[in-house]
Amino acid sequence: MKTKTALMFMAVALAASVLAVPPSAEEQAFQRRLKMAEFHLKNFEREVKLARGGDKQVWHEKDSAMQAVQELHVTYGEDPRVQELFLRARKALMASKGHIEEVQTAWTQYKRNEEKLRKIVWAEGEKAWKEFLAEAGTNVIERVFPAPDPQKISFQKLEGTYVVLDDVRYPMNQFYGGNGEYIHCGKPSEGYYYVHLSGGRQWLGAYEAVKRYRRNVDSGLQDVQKWTLLGQITGLTLDFPDASADKIGNMYWGWVVTPVALMVPDHVVSFYKDGAPSSGAYAGEEKVDAVKESFYTVKTIPQNVQPKQLMEIFFAAIREKNFKLYQQCIDPKRQETPLAEDQLRYHWDLHQERFHGEYVTALFGEPKFKVVKGFDKNNNYDSYFLDDDQKKIVEKGNGPVVREAYVESRAIDENGKQLGSPQRHTLIQRADGRWYVSTYEIRF
């Protein structure tokens, strides 16, 4: 019986093979193109998935996939298999453009606040600059260039005279001379002024004050290359206005200028001030904290703060230039040395620059947790296999529990587009203490 049934199936299969029409050459070519397009499209879809909403500059399979599917769609657009590939290609192509969010007005409020604060500080700066000029009175060189010729006029006649230099380039024109550090202003045909950087704290105090302004008020300032300087002529020296070690060229006489005040037009005026932080201040500095206080959307960190909430507070502290809150978010063990504090400020500056030129907000995912030290009460195997006495022994031997949480952020620019792939941030909790941000230097 089994043999008879098997013979029947063989007969049916043989008949079917005889009646089957072999695919044409055109159909075979179509099948090959379909498989090749599928191959490239799958690789491109895999690339897009790995990018996780980021907009990459280089896609290895994008052109191959799009070209293969497009050519099939032009010729065989009615074929269901081609239509399916086309829809997949469209979805992958759109995803490769990056994740896009609907922009909210609140995301860019910090820029409007920053502009308001900048105007307040600049109003004070303009006022201070006029006061400096009024104090100088008529004892100001009206025509800065050509500079007075040292061979025709004595230093005694110009000593104490004020000069306003509009093109003080630092660090571009900085050089070390025979008796100090200077910035040269001018050229051989018009004469030189040498702004004295190392003659006291007049330059460093004012310069450090502008750095504070950039850090606390106006990210748009970034690193200033060109300054307007009010100074007094305090010497005459013969030197090489050349930053290179070789000192190629001629020596030139230059009037030594000691800084009185620095100005970045439309931004800030700073000056040496004895007893001030870093020996300098900028006009309106005393008003900044009070004005910024009204801008803050969050001012404190709850003791029971959870990782995602802490990342949102940390983010707000940076965006709203609340340095004190920024410090409070960060793991104290990463702030224990002077070098660690310098790194903290360095990365604060980097964060500020990114908020100024790259992104305006960040969206945070749900945290993932891990016990990195100590006994994990939530470990499935430990809870299942160990009895209470064993758990106590293990817990005592491992010491206080240290937990880490991992939170991903997706940075969004002012057009609503996600920048790059999500970034992972690490937070830490010791024993039953508060959560802190550990990897504070990671960009959003």
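Every number here is computed from the coordinates shown, using simple stated rules; none is lab data. Bear in mind the structure is a predicted one, so any value in this text is a computation, not a measurement. Note: ideal-geometry Cβ built from the backbone for every residue, glycine included; neighbour counts use all protein chains shown.
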For K247, go through the lysines and keep the ones whose alpha-carbon is under 24 Å away, minus same-chain ones fewer than eight residues off.
K187, K226
Cα-projected label distance for K287 with E181, points at 7 Å along beta-carbon direction, nm:
3.3
Cβ charges +1 (Lys, Arg) and -1 (Asp, Glu), total dipole of the chain, debye:
1400
Any idea how far the Cα center of segment 370-444 sits from the one of segment 32-103, in Å?
37
Which one, A209, A29, A405, has the greatest fluctuation when you compute a Gaussian network model over the chain with C-alpha springs under 10 angstrom?
A29
Pair R90, L204: separation of 7 Å Cα→Cβ label points (nm)
6.6
By its C-alpha gyration tensor, with a ≥ b ≥ c as the square roots of the eigenvalues, how is the chain shaped: rounded for a/c under 1.5, else prolate for a/b larger than b/c, else oblate?
prolate
How far is it, in nm, from the label point at Q57 to the one at A134 when both lie 7 Å from their Cα along the line to the Cβ?
5.3
Could you list the residues of segment 27-54 with an amide nitrogen less than 18 Å from a label point located 7 Å from the Cα of K368 in the Cα-to-C-beta direction?
49-54
Which of K56/K91; K97/K119; K127/K152; K333/K373; K49/K368; K49/K324 have a Cα-Cα distance over 28 Å?
K97/K119; K127/K152; K49/K324
Would you mind ranking M36, M263 so that the residue whose beta carbon has the fewest other beta carbons within 10 Å leads the list?
M36, M263
For the charge dipole of the chain, defined by +1 on Lys and Arg C-beta atoms and -1 on Asp and Glu C-beta atoms about the Cα centroid, which residue among G98, G220, P367 has the Cα displaced farthest towards the positive pole?
P367
Once R0 is set to 35 Å, what does the formula 1/(1 + (r/R0)^6) return for the Cβ-Cβ distance between S244 and R345, expressed as a FRET efficiency to the nearest 0.05?
0.65
Relative to the first principal axis of the alpha-carbon coordinates of the chain, what is the inclination of helix 202-216, with its axis defined by its Cα atoms, in degrees from 0 to 90 and to the nearest 10?
30
From the helices alone, meaning DSSP H stretches of at least four residues, give me the mean residue ellipticity at 222 nm for the chain, per-run term -39500 (n - 2.57), in deg cm²/dmol to the nearest 500.
-14000 deg cm²/dmol
Rounded if a/c is under 1.5, else prolate if a/b is larger than b/c, else oblate: which is segment 29-96, with a ≥ b ≥ c the root eigenvalues of its Cα gyration tensor?
prolate
